Structures are given as C-alpha cells and as structure tokens.
Amino acid sequence: MSDSLISCQALTKSYGGAPVLKDIDLDIGAGRIVGLLGPNGTGKTTLIKLLCGLLQPTAGRILINGMVPGPESKAIVSYLPDKMYFADWMNARDILGLFEDFYEDFDRTRAEAMCASLGIKPGDRIKTMSKGTKEKLQLILVMSRRARLYLLDEPIAGVDPAARDYIMNTILTNYSPDGTVLISTHLIGDIERVLDEAIFLQDGRVILHDSVDNMRAVHGKSVDALFREMFRMTQEGGEQYAR
Amino acid sequence: MLGKLIKYDLKSYFKLFPLIWLAAIVLAFVNHFTLRHFSEAEASGVAELLGLVLPILVYVAAIVTLAVLTLILIIRRFYSGALKEEGYLVFTLPVKPWQIVVAKAIAATIVTIITSVVTVISVLLLMDWAEVTRAIGELFHGLFHNEYITGGQCAALMAEAVIVGIVGIAVSIYRIYCAIALGHLFNKHRGGMAVLMYIAISIVLSALGSTVVANLIFGLDTNWIDEFLRKISEATNTFGFISLGMLGLFLVSAVQIVIYHIVTERILSKRLNLE
Amino acid sequence: MEWMFTEDRPIFQQLYEALAKRIVVGEYPPGGRMPSVRELAAEAGVNPNTMQRALSQLDEAGLTESNRTAGRTVTTAQERIDAVRNGFASEAARAYLEAARSLGLSREEAIKLLNDEEEMQ
C-alpha cells in the first residue's frame, strides 16, 4: 500500500551480526492511535529509531509517507524518546525557541500555555528541573507539533499514576487530527483503551497486527489478556504463534 | 538551517565565554597598572611583592583557563552535544548530518578565533601602551614600506595569512571531530577510543610530513625539494613566493578538512548508534 | 480519572451509560452544548473513535442531537431524559430485588429494608 503513512518492507536490522528486527513487513495508515506492544528487548525501540532516521536498516526498506527517512520525513515526525534529550545548558525559552526555529508545525503558543500550567517559567534552567517536570516538558514539546506521525517510546513507563493520567491526557488532547500516534510500551493495560490498532512484536518479528476491536472480538478477551497469554505461552516453551 | 544550527551552538558557548573573555581583559587591565606601579616604586617587602605577584598569577590562570576551557567545550559540544543524549534531539531535526557537523565546526572556529584575539589583546594591554603603539606602528611601517613588496601586496599577504590562520584553526577542530566520530564506531569506551584515534591520526600526519617518507615514496633524496624551491624563487617575486607558500599551507589544511569531514559525515549518517 | 471501566462489557457501552447519567442528573443541562469528542476522550482516557461510538449512541437514544454547525447539544425534550432516567432507576430496582430474593428476603421484607435505610440517612 503506497498510501500508508508508515511502510516497512522486509525490514531487517542487525547489530554486529545479531539480528534485532527480522524481515518486518508492516503498513500503518494515517489518523489512528497504534500500540507497538512487546516485552522489553524485542526490538520496539529499534523499530522506532529506524522510523526516526536515527538508525539505518541492515536490509529492506522503510518509508515514511512514501519517503526514505531524511530531513523531509523528520519535518513531519515528532519523536519522544524514552530518555531525556535536553542539553543541560538550556532554559525553557531556549528549547521552545529551538523547536520553533526548526519545526514549522510547532505551536509555540500552545506549548507555552502548557508550560505555564505546569509552573514552568521561560527562564527556568532545565538543569534545575525535577525529573518529572523534565519528562513533562519533553512531552509538551513533542505534542505541540502538528505532526503527521508521533512516535512515543515508552511514554508511561516508570511514572506514577497521576503523571500517567497527565501524559495520556496531553497526548489525546494535542495530537493533530489526521495524525497517527505510535505508542510503544510493554504496559498494555494502561493504554489499551486509547488504541485503534495493536501490533505485537516478539523476537524482532510482527506476530500480530489488527484493530483492537477485531482482536477483542476474535479472541474474546482484552488485548492485555491476549498479550499475556501469547507471550507467556512462549516463555513456557509452549506453542508459539507464528504468522 | 545551517545558520540556525550555528546559532544554537553559539548560544551554548555564549552562556559561559563572555564572562571569561571579560575577565581576561579586565585582569590584563588591572595587571597593567599594578606592574606599572611596582616598576616605578622599587618594591621591597613581602606585602608589596605579593601585591605584584598575585595579580599576575590570577591573570595567567585566567588565560590558561580560557585556552583549556575553549578546548574542553569544543570537544563537549561535539561529543555530548551530538553523540550522547542531546543527539536524540539533534539528529531528529529536519537537517542533514553534514549540516550538523559543519555548523558545529563553524561555531567552534568562531569561538576559538575570539578567544585568540582576546588573549592577544590582553597581552598587549599588559604592556606599556605607548611602547606597544610605537612598536606596532614601526612594524606596520616596515611591512608596508620595504623593497620586497608593495603596500598593496602586503595587505594581500596579511589577508592570506588571516585565511590560513582561520583554516588552520578549523583543521584542528575537524581533526578532533573526526577522532570522536571514529571512536563512536566502537560500542564501548568510545571516549578512550576517540583519544586513541586522535593519536593515530597525529602519527599518520607526522609520518606523512617527514621527508623520510617522502624519500621512500619518491625514491629520491631531498635535493629535488631545493631544486623546486630555487626554480620557483627565480620565477616569481617575493610576493608570489610567499603567496605560494601560503597556498601550500592552505591546501595542506584544506585537504585534511575535506577528508575529516567526509569520514565524520559518513560515520554519522550510516553508523550512528546513540546509547 | 473518575472514569472506571470493567472488562465484561464493551467500553463504548460503559461510556454511553456514564454520559447518559451525567445528562440525567443535569451535569450536561438540557439544550446545553456537549464537550467535543476529543475533550471527552482525553478526560476519559480512551480512544476518540470509541468515544465517538458512545456519543452516537446518545444520539440514537434521543438524548443528544448532532448538528453540523452547532455541534452536539443535549435534547430539550425533558420527557426523553426522564424516560432514560427511569430506565436506569428501574434497572437499579430490579437489581436490588434480585439481590434481596437471592438472600431469601420476601417482598415485604425487601421494601421494609428500603424504608428503614431511608430513615437512617
């Protein structure tokens, strides 16, 4: 499908001979919230980095809106990594200015409003902010872009429930209407309600990709329960779901 | 986009440097007067000696700090600023990797130039101003009015010298970047490997520069170099000769910059592996 | 988030009931504007499409009207709102009577219990 927002064709990524992603074929359309689900270490972050252009494929192709990852695709992709990428020397005003300078789709007014509601002042040095505040600031910056694709790598891992609500609320309130949000996580229960589609990734392969409604209807259980079942069975050496 | 990247890096440097530049100038100024005072008033006694020595020590410390800090920050802006966490930010900006490298190199060069100028000015401030002005005046007069080159040619040579100087600064910076990028190819101890790479590059450079290697390559003794120089000095005037020399220096740096840039850019484009 | 969900029924169904109850108690007054799909979805922490389903069901139940220009408004037909309210109330009553019967209470005992409870409050 050439009109997919994301298209992976026989995508493979190896680190020094050891394959992390194996022969991935994936198509994801626009205007939906998709969960990239799998236990830690299955290659979720690697796939997201490939989509961002932070890594190059070992084999196969990856296309964002029909383009190979590069400056044009980066202009429409908004990425939230699972670590903080701030330079300590910046203050809030600096980072807002940077996003405004480089991204045409950045809504500075909206970002400033969200910062203000968190009590972040323009002159606040990032170095002096608490971890929680920094995480939220990073989220605000990412979600204030009217991007075509949002890539969120483990946005709610390791945060308390109150922060989790804030994060999910911020995501749902701010993503651009025709945009796609790809959330990678191993904590499915918390975000299942938010998803249109889910992708199960195991050992570097896509073992399931379907709408959440379909999954629930076909398997008669929540995606969370299905996930536990599928991945537990494999751990016990039982029958492995194969495509 | 390139301009924005340069601005962003300069912002980082300018959070710290203006203060130190100012400190260097101010301390030079202060020392100018303390030195004067003591040279005129035949100092004796410990307290007065301290009053003379302390300001000088502080000044020297400031200048050394300036030089060291410039180097450290330039390294940091590349190593931490592109290849650690900040890399997640920088390499997802809608720019090409070469723009990131070039922008950082330009910003680092600008900062180094300013630091050098500040250092020179501070040294001049330290000395007797009348003497300095007179000496500079004499120097310039001698340069512009002599039998070897015309005034115009002198100005041209000065411009060439400035260019060679700037390119010389840039090549040192690019050499560091290249070493850091090569170090990035390894999965562990990237910092240590970068240092090793820098040493390796330096060894290669000095090997290339030595005439022993040249002899091996050309299978001749060094007489051909003397021949070459003699032929040129016969064919050109002083201006042409010196300019040719400058051109040679320029090319040596420029070729290195091109090589370092390509190596660095290719590594960051194809082999980037943050974390 | 005050929105609690159970696993046994589809989420859009539970969303519908929660919203309908808000209308019934007047939290969204008759004739008033409903918040947008997005706002509600963000508040409830659910996918906007799921929330859209629930809102469509509100339309079908006659509790709201969807207008291209005016957005979604709560109906002014009070009898419709009352009907839905009574529907919820009946369900609750049926559930209570079921529970009382399964505990072995007679009809009279069940009713007396209700009166006693009310007096205590």
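A few comments on the model shown:
- Among B:Val90, B:Ile113, B:Ile149 - extreme Cα towards positive end, dipole of the protein assembly as shown, charges at beta-carbon: B:Ile149
- Relative to the longest principal axis of the Cα atoms of chain A, helix A:131-143 runs at roughly 80 degrees.
- Part-to-part distance (alpha-carbon centres) for region B:116-187 and region C:77-121, which is given in Å: 94
- Interface burial in region C:25-48, defined as at least 10 Å² less accessible area with all protein chains than with the chain alone at a 1.4 Å probe, covers C:Arg38, C:Ala42, C:Gly45, C:Val46, C:Asn47, C:Pro48.
- Per residue of A:167-176, other chain Cβ atoms within 10 Å of the residue Cβ number 4 on average.
- In percent, rounded to a whole number, the relative contact order of chain C is 24, using alpha-carbon pairs under 8 Å and six or more apart.
- Ranked by the mean number of other Cβ atoms within 10 Å of their residues, highest first, the peptides B:243-252, B:193-202 fall in the order B:193-202, B:243-252.
- Surface share of carbon and sulfur [accessible, 1.4 angstrom probe, percent] for region B:1-127: 78
- Efficiency of FRET from Cβ geometry, A:Thr128 and C:Glu98, R₀ 51 Å, rounded to 0.05: 0.30
- Relative contact order (%) - criterion: Cα under 8 Å, at least six apart; region: chain B: 24
- Remark: for residue pairs A:Lys131/B:Lys270; A:Lys136/B:Lys7; A:Lys127/B:Lys104; A:Lys131/B:Lys11; A:Lys13/A:Lys134; A:Lys121/B:Lys270, the C-alpha separation exceeds 28 Å in A:Lys131/B:Lys270; A:Lys13/A:Lys134; A:Lys121/B:Lys270.
- Charged-residue dipole, Cβ positions (Lys, Arg, Asp, Glu), the protein assembly as shown about Cα centre, Debye nearest 20: 1080
- Shielding by other protein chains, A:64-74, mean Cβ within 10 Å: 2
- When the helices of chain B are scored as -39500 (n - 2.57) per DSSP H run of n ≥ 4 and the total is divided over every residue, the value at 222 nm lands at -29500 deg cm²/dmol.
- Shape metrics for chain A, restricted to C-alpha atoms - Rg then Dmax, Å: 18.2, 57
- Neighbour cut-off at most 16 other Cβ (10 Å), DSSP loop, GluC sites (Glu not before Pro), region A:94-131: A:Glu104
- When the Cα gyration tensor is reduced to axis lengths a ≥ b ≥ c, the ratio a/c is 1.5 or higher for region A:94-170, and with a/b not above b/c it is classed as oblate.
- Trypsin sites (Lys or Arg not before Pro) restricted to DSSP loop in region B:126-195 with at most 14 other C-beta within 10 Å: B:Lys188
- Partner chain coverage, peptide A:215-222 - average Cβ within 10 angstrom: 1
- Its Cα gyration tensor gives chain B an equivalent ellipsoid, and the semi-axes of that ellipsoid, as √(5λ) in whole Å with the largest first, are 37, 32, 19.
- Around B:Leu182: net Lys/Arg minus Asp/Glu count, Cβ-Cβ under 14 Å: +4
- Trypsin sites (Lys or Arg not before Pro) lying in DSSP loop within region C:1-69, provided at most 15 other Cβ fall within 10 Å: C:Arg68
- B/A buried area, accessible surface, summed, 1.4 Å probe, Å²: 2500
The values are calculated or read from the model by the stated rules, or taken from the named source; none is laboratory data. What you see is a predicted model, and the numbers here were worked out from it, not measured in a lab. Ideal geometry is used to build each Cβ from the backbone, glycine not excepted, and the neighbour counts take in all protein chains shown. Note: accessible area is taken over every heavy atom of the protein model, side chains too, but ligands, DNA and RNA are not part of it. Shrake-Rupley method; radii C 1.70, N 1.55, O 1.52, S 1.80 Å.
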